[in-house]
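Report on one structure; see the data block that follows.
Nothing in this text is a laboratory measurement; each read-out follows from the coordinates by a stated rule. Please read these numbers as outputs of a predicted model, since none were measured by experiment. Quick reminder, even Gly has a Cβ in these numbers, built from the backbone with ideal geometry, and neighbours come from all protein chains shown.
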């Protein structure tokens, strides 16, 4: 019994270290959001006209397309948008941001 008690104490100390607890909380939040986002997108999409954005880009002249391709907007815009969304989500988590 004397050998078992220190082993259990160190095992429980390792399991409940702050890093492990934060990892488990963030993993739970990740899986919750992974399940929640498709549901929310399904609720939002009927109100957004999918052809409106395609029509707007189809009406751009070739000179504007050349400039957009030169500036690599096709790669940069999704990066900036995802960075802003990530920053918004991280700042809303009270125990991180």
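Details
- Compared with the dominant principal axis of the Cα atoms in the chain, helix 4-15 is inclined by about 10°.
- A simple spin-label model places pseudo-atoms 7 Å from Cα toward Cβ; at residue 24 and residue 4 they are separated by 2.3 nm.
- Shape call, the range 49-97: gyration tensor on alpha carbons, a/c limit 1.5: oblate
- Against the chain, whose longest principal axis comes from its Cα atoms, helix 73-91 is set at around 40 degrees.
- Seen against the Cα atoms of the chain and their longest principal axis, helix 18-44 is set at about 30 degrees.
- Volume per residue of the C-alpha convex hull in the chain, rounded to whole Å³: 143 Å³
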